[in-house]
Each structure stands twice: as C-alpha cells, then as structure tokens.
Amino acid sequence: MDVHGDVQHLVLETSRLLLRRYKQEDAEFIFQVVSQRKIAETTIMIPHPYPRQTVDWWINYVDGNFDEGKAYELGLFRKDSPNNYVGNCGLISVSKEHNNGELGFFIHPEYWNTGLATEACQALIDFGFMNLGLERIHGRCMSKNIGSKRVMEKSGLVVEGLARNEVLKWGKYEDVCHLGIIRSEWLNSKS
Ligand SMILES: CC(C)(COP(=O)(O)OP(=O)(O)OC[C@H]1O[C@@H](n2cnc3c(N)ncnc32)[C@H](O)[C@@H]1OP(=O)(O)O)[C@@H](O)C(=O)NCCC(=O)NCCS
C-alpha cells in the first residue's frame with residue numbers, strides 16, 4: 001500500500017484501487033450503491049430506503065470528521081477505471097483518548113467476492129497503525145454476515161466475542177460478532 005499526500009489530501013493506493021476523500025460530485029455514484037437493499041440488509045447503520053439527500057449530508061459529515069481527525073472514510077475507485085466508484089472503506093470512528101479505531105466498509109454488489117473489500121481494509125489497517133499510530137483497530141458485523149467476518153479475518157482481525165441480540169435490525173434482534181487486531185499483531189504480520 002502506498003500513501004500519497006498528507007492526511008488532509010490523503011490518497012491510498014493498492015494493487016487495484018485508489019482510495020481517496022469524497023467530493024460532492026461523487027454523490028450520485030454513492031447513491032447508486034447505498035440505496036441497494038443488498039447493502040442495507042447486512043449493515044448495522046445503513047437505512048433502506050436511503051433518501052437521496054442523505055448522501056449529500058453524509059459527504060459533509062464524513063468530510064468534517066476527516067478534518068477533525070474523528071474518522072477516516074475513503075471512496076474506493078478502480079485504478080483501471082478511476083471514475084468507477086466501487087465502494088467505501090474507512091476507520092469510521094477514531095478515539096484519540098484510547099488510540100483505537102473502528103473499521104467499516106461496503107462494496108458495490110457487482111464486485112462482490114473479488115477481494116476488493118479485503119484489499120481496501122488491509123490498506124486502512126496499515127494506514128491506521130503506520131500513519132495514525134493506533135494501538136488497536138476493531139470491527140463488528142452481524143453474525144449472519146459471513147462475508148464481512150471473512151474480510152476482517154483475512155485482514156488480520158481475530159474474533160473477540162459475540163454480543164447476543166446486540167442490534168435491532170428491521171424488527172429482529174441480531175447477534176453481532178466483534179473482531180479486533182492490536183498493534184503487536186500487525187507488526188508481527190509485517191515482519
Ligand atoms: C461484506 C462485503 C463488504 C464483502 O466485500 P467483498 O469485496 O465481496 O469481500 P472480499 O471479496 O474481499 O472477501 C469476501 C470473502 O467472504 C467470502 N464469502 C462471502 N459470502 C460468503 C458466504 N455466504 N459464505 C461463506 N463465505 C462467504 C468470500 O468467499 C470471500 O472469502 P475468500 O476470499 O476466502 O473466498 C460485501 O459483501 C458488502 O458490501 N456487503 C454489504 C455491506 C456490508 O455488509 N458491509 C459490512 C458491514 S459490517
């Protein structure tokens with residue numbers, strides 16, 4: 001993974017992806033992805049239906065958090081087709097007090113199971129430990145979200161526990177799997 005620019009103008013580069021900060025012009029492309037039921041049904045936070053104007057609000061929210069160092073969410077674009085938005089990956093919250101961050105991600109269904117989420121997560125994890133100096137990165141997914149759990153495990157996170165009935169999604173309580181990686185494990189994986 002290569003890091004270009006300072007944090008304010010951050011671009012991460014992996015073998016197939018450019019991960020960059022959002023612009024208002026991305027709104028329509030983001031909407032095409034987040035408005036899909038397939039994206040909402042396994043995520044804890046994304047509603048369905050997804051109002052179009054919420055995307056505009058979300059871009060501002062992500063941008064403000066980025067500037068304040070509270071979160072680092074990036075848009076994913078294919079290097080061979082840079083206008084092609086393929087999803088989102090980021091440290092969706094960063095605690096300066098505890099020096100940790102939470103990972104979050106989604107990928108356009110057209111590209112599922114081609115390794116893009118794992119490639120993006122690995123880049124964000126490297127960025128979190130290397131550039132932000134974090135001690136811990138964690139993530140969570142509904143236990144039925146096998147793909148998301150697998151992405152996090154392939155990225156080096158280990159299962160730390162299962163929180164039963166942690167979220168109420170569409171009228172049903174769901175168990176949530178918690179995963180994490182600490183700095184020493186990340187360093188070992190690099191040696
Ligand atoms: C979860 C998600 C991000 C995965 O993205 P992706 O780009 O397809 O992920 P990858 O290709 O890097 O890896 C997916 C892995 O899960 C596996 N997988 C996916 N669905 C599976 C299933 N139902 N059973 C078993 N394995 C499954 C794939 O085989 C692959 O593992 P492998 O490389 O060992 O074969 C994508 O499905 C998505 O955006 N889902 C909706 C949003 C979401 O749930 N986000 C996560 C919220 S916590």
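The values are calculated or read from the model by the stated rules, or taken from the named source; none is laboratory data. Just so we're clear, the structure is a prediction, and the values are computed from it rather than from any experiment. Glycine gets a Cβ as well: all are built from the backbone with ideal geometry, and neighbour counts include every protein chain shown. Remember, those area values only see protein heavy atoms, side chains included, never the ligands or the DNA or RNA. Shrake-Rupley method; radii C 1.70, N 1.55, O 1.52, S 1.80 Å.
Helical content alone sets the calculated 222 nm signal of the chain at -9500 deg cm²/dmol, taking -39,500 (n - 2.57) per DSSP H segment of four or more residues and averaging over every residue. What does the charge count near ALA27 come to, summing +1 for each Lys or Arg and -1 for each Asp or Glu among other residues with Cβ under 13 Å from its Cβ? Around ALA27, the charge tally is -3. Annotation: extensible slack from TRP170 through HIS48 equals 43.0 nm (criterion: 0.36 nm per residue apart, minus Cα-Cα distance). Measuring from centroid to centroid over Cα atoms, what is the spacing of segment 154-173 and segment 1-78 in Å? Value for the Cα centre distance between the two parts: 22 Å.
Report the residue, chosen from ARG78, ARG150, ARG140, that carries the largest GNM mean-square fluctuation when the chain is represented by alpha-carbon nodes joined by springs under 10 Å. Among ARG78, ARG150, ARG140, the largest mean-square fluctuation in the Gaussian network model of the chain belongs to ARG150. With all protein chains in place and ligands, DNA and RNA left out, the 1.4 Å accessible area ranks ARG164, ARG52 as ARG164, ARG52, largest first. Accessible surface of TRP186, taken over heavy atoms with a 1.4 Å probe and every protein chain present, rounds to 20 Å². Straight-line reach from LYS144: taking Cα to Cα under 26 Å and skipping same-chain neighbours fewer than 8 places apart, the lysines in range are LYS38, LYS154, LYS169, LYS172. The largest accessible area among THR54, THR14 belongs to the first residue in THR54, THR14, and the rest follow in falling order (1.4 Å probe, all chains). By the rule of a C-alpha distance below 22 Å, with chain neighbours fewer than 8 residues away ignored, the lysines paired with LYS23 are LYS70, LYS79.
Proximity of backbone amide H atoms, modeled 1.01 Å from N, is registered between LEU17 and LYS79 at under 5 Å, excluding neighbours fewer than 5 places apart on the same chain.
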